[in-house]
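*Asks:* Okay, handing you the structure first.
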Amino acid sequence: EVTETSKKSIVTFSEIHHFLLSDTIITETQKRISNAFDVFDHESNKTVDVREIGTIIRSLGCFPSEADLHDIIAELEEEEPTGFVRYEKFLPTMTKILLERKFRPITEDLLLQAFEVLDQQKKGHLEPEELTKYLTQEGEPFTQEEMDEMLSAAVDPDKNVILYKDFVSMMTFDDTR
Amino acid sequence: MGCGTSIAVENQTHPSETDGSIRQPSPALTIKAAILIQRWYRRYVAHLEMRRRYTWNIFQSIEYAGEQDQLQLSSFFSFMLDNFTHMNGNGPDLISHLLDSVVDPLTEEVRQLKYEQIVVPESYCGPRLSFPLSVTDTNALLSAFKEEQTLHGKYVLQLLYETKKFLKQMPNIIYLSTSYAKEITICGDLHGRLDDLLLIFYKNGLPSAENPYIFNGDFVDRGKKSTEIIIILFAFLLLYPDHMHLNRGNHEDHIMNLRYGFTREVMQKYKTHGREMLQLLQDVFSLLPLATVIDNKVLIVHGGISDKIDLDFLSTVERHKVKSALRLPKRSVDHLNVHANIRSSSRQSGRSRLDSPCSSGRTSRASRRRKKHITKQGSCSSSSSSSSSSSSVCSPRVSSRNTSRRPPPSPSLPSPTDVLQVPFLDSFVSLEPPEPPRDELERQQVVDILWSDPKNQSGCSPNSFRGGGCYFGPDVTQALLQKHGLCLLIRSHECKQEGYELCHNGQVITIFSASNYYEEGSNRGAYVKLGPELVPRFFQYQVSRSTRKLTLHQRVCVAEGSALRALKEKLYAHRSDLMAAFQQYDIDNTGRISTSEWAQVVESVLRLDLPWRTLRPRLARLGADGNVEYESCFEDISPGEPIPPVTPNLAETLYRYRTDLEIIFNIIDKDHSGQISIEEFRQTWKLFSSHLGVAVNDQTIDDMARSIDFNKDGSIDFNEFLEAFRVVHKLVIKEQQQG
């Protein structure tokens with residue numbers, strides 16, 4: 001009986017969901033998705049390389065982790081993987097992600113907190129080696145290329161440290177431009 | 001959901017943190033923090049990557065669209081021809097201006113003597129070449145060019161002359177071997193980018209017996225150091241004839257050079273001898289070999305192939321006859337023959353013809369979409385895949401294809417190509433080709449080699465839109481390779497973001513060596529090395545203007561800024577069309593329309609096939625109600641000028657036809673002196689304005705001609721020429737205000 005009720009509430013929720021979202025919002029969202037997809041559709045045949053899916057999803061404003069992406073890609077791939085993802089499959093999945101606001105943005109504050117956690121000695125800055133150690137060994141490790149690229153933007157050239165507060169402000173600003 | 005909440009929770013469950021002592025955060029927390037930063041950063045990079053990609057798309061689309069403007073020039077040519085008889089008899093013979101190259105009837109020996117006798121002043125401190133060349137000479141050239149010196153005209157002439165002599169004895173196809181366990185380095189388009197050439201030499205060593213090179217065409221145009229590049233390449237060619245090889249590209253063509261900057265560069269650097277150099281270069285370019293084959297296994301050509309290419313036939317072609325891929329419409333032949341008979345008797349058929357323009361057939365997104373559009377049109381003749389690459393067969397398709405792509409003509413500026421189509425059709429259908437079939441076949445082979453592009457779909461579709469070259473599919477590649485026992489095709493011709501690209505199941509390599517081709521940061525350059533095992537090794541590079549390494553963000557911003565500026569210019573150039581269409585949606589005259597409507601209008605007018613919604617934040621402002629303030633996309637265009645009133649005005653024309661005007665000016669300016677006579681200007685302006693359907697009366701033109709000759713010396717230079725447009729605009733506005 002409990003299951004019945006909960007099933008019912010799910011159905012109702014999705015109905016409301018549908019109800020609340022007017023056609024315009026769905027269309028606008030889908031057009032955004034279509035635009036982003038087209039940028040990577042090099043052969044103009046409504047397919048993109050599966051390795052670009054992460055970039056597309058992120059450029060639409062989402063912050064998935066690598067693990068999240070793996071799951072999404074598994075969903076999007078054909079039964080016999082071709083290395084390409086078709087738009088017909090991508091559109092509904094992406095629409096859902098956007099409308100449900102999954103993988104919400106990481107705020108500047110949160111990012112700052114994360115750096116502060118890594119700054120164990122509370123120096124107010126991080127050594128390049130420190131940051132490299134964390135980001136290439138922990139979590140979902142960076143490749144050497146990713147690490148080098150971040151360091152090139154993050155390291156203060158005079159002091160040879162990462163003033164992470166400034167770094168975070170700058171990156172957040174860059175991102176919004 | 002998300003890391004945020006969990007970190008906060010974590011903090012709260014560590015009461016010891018409040019006592020101020022330094023505690024190690026739990027490993028779990030560290031991991032969470034790391035993941036969060038990684039997640040965030042990857043998203044940041046993806047955002048940059050998106051911007052980089054659409055910047056690339058913008059460049060490609062505009063370049064492609066710009067090359068379609070070539071058609072306007074051709075239509076202007078045919079218009080001029082058609083109206084030749086309407087010009088008053090006092091006018092200069094513009095047609096002969098177009099067709100005559102100023103032929104200097106010197107014999108070879110006399111010419112050589114003449115060059116030797118050129119005096120080089122003592123004060124000249126650049127390299128002094130002595131023939132036959134030695135390593136000292138090539139080293140001197142490299143040092144001099146690194147120091148931004150210019151080689152004296154005498155040596156350039158001698159170099160070109162010797163190169164021409166040398167190339168005359170070369171076959172069309174050069175066969176090389178890697179039998180000495182040498183690796184051969186193959187480079188693609190350089191387009192006047194000296195820095196890239198120097199970087200290649202730095203990374204890979206100078207050409208020598210141990211280090212052979214093949215340069216696969218397009219040495220000149222667009223970049224500013226085309227002259228230096230060909231000097232270096234030709235010098236090495238003469239120094240190491242067995243180890244240095246040059247293939248002809250589609251830009252080794254004097255008509256293309258008029259359009260894309262090489263002619264101008266030569267004339268600016270060599271005011272005395274430039275004209276003669278350009279003369280020599282016409283011959284030198286047409287004498288460059290067409291193809292190279294390594295170990296009878298790897299074919300290297302600049303553009304590509306078609307289903308008509310046969311290497312045996314190709315090796316018999318008289319390549320020097322194809323001076324330019326561009327030809328006049330055949331209808332003008334009658335005119336030509338009349339004048340040809342009156343003039344000199346010996347005019348090579350290859351020289352005096354300018355055709356429908358061949359812009360390089362880049363398989364950009366726009367072009368592919370365009371092709372798809374074509375097949376949907378249900379062309380009235382045979383299917384595209386089976387017809388030949390001959391331009392004469394495809395005329396019915398030309399018209400349908402063109403009219404489907406042209407933006408809707410604005411009321412007072414009819415699309416120039418409307419004027420084009422009918423003459424073209426007539427010419428192809430009604431006239432017999434004046435050239436004998438064999439010559440025509442030969443020309444086709446050469447044009448196909450220089451202009452074709454690979455595509456992913458099977459078949460070989462002619463690019464009759466441009467009058468030559470094809471899009472060739474994997475089946476065409478496979479067939480040709482098999483026919484001649486080859487295993488690989490290396491070609492250039494198309495800019496690739498990574499400097500190289502493989503297609504057709506790895507049977508085709510595109511190699512492109514001009515990094516930052518569109519803008520700083522737009523793409524890498526690359527070269528490929530082949531050893532006896534014939535496994536390609538790729539080497540990439542990117543020339544950087546600054547010594548400090550730019551961050552990804554900085555690189556993207558520079559390229560993006562440039563692309564967006566170019567895009568905004570396009571918007572401005574089509575202002576009246578755009579405004580008219582915007583206003584159709586803006587019934588209540590609020591100055592705003594929805595993003596959807598804005599995107600739709602812009603695409604329908606500009607036809608660049610770009611992701612407008614993604615680009616919108618960079619191009620136009622949103623109002624408070626979330627709709628697009630459409631006039632805001634015309635801001636920041638002409639520095640310091642207020643937005644002019646929205647009447648079809650010639651300031652737009654200036655933007656739209658600026659490059660064409662320069663070409664026209666260069667053509668009128670026969671002796672490349674940088675000046676044209678007022679009379680020539682009058683004649684040309686009259687034609688041009690009637691061609692555009694802009695009504696300007698004789699008196700106005702006279703006033704204008706007088707007024708733009710600022711220094712009153714009776715002749716007009718290019719800047720004054722351009723100024724004419726602004727002046728006329730003012731006159732027209734004045735008229736409107738008075739009228």
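*Asks:* Go through the residues of the stretch B:589-608 one by one and say whether even a single one is more than 14 Å from chain A (Cβ to nearest Cβ), within 20 Å of B:Glu498 (Cβ to Cβ) and surrounded by 15 or more Cβ atoms within 10 Å (Cβ to Cβ).
*Replies:* No, because not a single residue in the stretch B:589-608 is more than 14 Å from chain A (Cβ to nearest Cβ), within 20 Å of B:Glu498 (Cβ to Cβ) and surrounded by 15 or more Cβ atoms within 10 Å (Cβ to Cβ).
*Asks:* Something else now. From the list B:Ile300, B:Ile305, B:Ile200, B:Ile230, pick out the single residue that is within 29 Å of B:Gln540 (Cα to Cα), free of Cβ contacts under 8 Å to residues at least 60 places away in the same chain and β-branched (Val, Ile, Thr).
*Replies:* Working: B:Ile300 fails: free of Cβ contacts under 8 Å to residues at least 60 places away in the same chain; B:Ile305 fails: free of Cβ contacts under 8 Å to residues at least 60 places away in the same chain; B:Ile200 fails: free of Cβ contacts under 8 Å to residues at least 60 places away in the same chain.
Criteria check complete, one pass: B:Ile230.
*Asks:* Look at B:Thr227 and say whether it is among the hydroxyl-bearing types (Ser, Thr, Tyr), more than 30 Å from B:Phe665 (Cα to Cα) and under 25 Å from the mean Cα position of the chain (by Cα).
*Replies:* Working: among the hydroxyl-bearing types (Ser, Thr, Tyr): yes; more than 30 Å from B:Phe665 (Cα to Cα): no; under 25 Å from the mean Cα position of the chain (by Cα): yes.
Here the answer is no, as B:Thr227 does not meet what is asked.
*Asks:* Here is a check on your reading of the model: is B:Asp307 closer than 23 Å to B:Met244 by Cα and charged (D, E, K, R)?
*Replies:* Values: closer than 23 Å to B:Met244 by Cα: no; charged (D, E, K, R): yes.
Spelling it out, it is not the case that B:Asp307 is closer than 23 Å to B:Met244 by Cα and charged (D, E, K, R).
*Asks:* Just checking, does the stretch B:167-184 include any residue being assigned to a helix (DSSP H, G or I) and not acidic (Asp, Glu)?
*Replies:* Taking the stretch B:167-184 first, the residues assigned to a helix (DSSP H, G or I) are B:167-168.
If we keep only those that are not acidic (Asp, Glu) too, we end up with B:167-168.
Checked the stretch B:167-184: at least one residue is assigned to a helix (DSSP H, G or I) and not acidic (Asp, Glu).
*Asks:* Name the pairs: first residue in the stretch A:139-159 and closer than 19 Å to B:Ile35 by Cβ and at the interface with chain B (Cβ under 7 Å from one of its Cβ atoms), second residue part of a helix (DSSP H, G or I) and among the charged types (D, E, K, R), Cβ to Cβ under 7 Å, at least 6 apart or on different chains?
*Replies:* Sorted first by the residue in the stretch A:139-159, then by its partner, the pairs are A:Glu140/A:Glu66.
*Asks:* Can I ask one more? I'd like the residue in the stretch B:508-542 that is part of a loop (DSSP other than H, G, I, E, B) and of a type in the set (Gly, Ala, Ser) and, out of all such residues, is surrounded by the most Cβ atoms within 10 Å (Cβ to Cβ).
*Replies:* At the first step, the residues of the stretch B:508-542 found to be part of a loop (DSSP other than H, G, I, E, B) are B:513-524, B:531-536, B:542.
Now narrow it down to the ones that are of a type in the set (Gly, Ala, Ser): B:513-515, B:521-522, B:531.
Values: B:Ser513: 28, B:Ala514: 26, B:Ser515: 23, B:Gly521: 23, B:Ser522: 25, B:Gly531: 13.
This residue is B:Ser513.
*Asks:* From the list A:Glu75, A:Glu149, which residue is buried (at least 18 other Cβ atoms within 10 Å of the Cβ) and modelled with pLDDT under 90? Please lay out each step first, then the result.
*Replies:* On the way: A:Glu75 fails: buried (at least 18 other Cβ atoms within 10 Å of the Cβ).
Matching residue, one of A:Glu75, A:Glu149: A:Glu149.
*Asks:* Here are some residues: A:Glu129, A:Glu88. Which one is part of a helix (DSSP H, G or I), closer than 30 Å to A:Lys46 by Cβ, over 19 Å from the mean Cα position of the chain (by Cα) and more than 14 Å from every other protein chain (Cβ to nearest Cβ)?
*Replies:* None of the others qualify; the one that does is A:Glu88.
*Asks:* Which of the residues that make up the stretch A:52-104 are over 17 Å from A:Glu28 (Cα atoms) and free of Cβ contacts under 8 Å to residues at least 12 places away in the same chain?
*Replies:* Across the stretch A:52-104, the qualifying residues are A:Arg58, A:His70, A:Asp71, A:Ala74, A:Glu78, A:Glu79, A:Glu80, A:Thr82.
*Asks:* (1) part of a helix (DSSP H, G or I); (2) within 12 Å of chain B (Cβ to nearest Cβ); (3) under 18 Å from the mean Cα position of the chain (by Cα): which one isn't true of A:Gly61, the others all being true?
*Replies:* (1)
*Asks:* Just a yes or no: is a residue in the stretch B:488-496 out of contact with any strand residue (DSSP E or B) (no Cβ under 6 Å at 6 or more places or on another chain), over 21 Å from B:Ile184 (Cα atoms) and of a type in the set (Asp, Glu)?
*Replies:* no
*Asks:* What do you reckon, is A:Val39 crowded, with 19+ Cβ neighbours inside 10 Å and either in contact with an Asp or Glu (Cβ under 7 Å, 6 or more places away or on another chain) or under 17 Å from B:Gln38 (Cα atoms) (or both)?
*Replies:* no
*Asks:* Out of the stretch A:113-126, which residues are surrounded by fewer than 16 Cβ atoms within 10 Å (Cβ to Cβ) and more than 10 Å from chain B (Cβ to nearest Cβ)?
*Replies:* A:Lys123, A:Gly124, listed by residue number.
The values are calculated or read from the model by the stated rules, or taken from the named source; none is laboratory data. Because the structure is predicted, anything quoted here is derived from the model rather than measured. In this analysis, Cβ positions are derived from the backbone assuming ideal geometry, glycine residues included, and neighbour counts consider all displayed protein chains.
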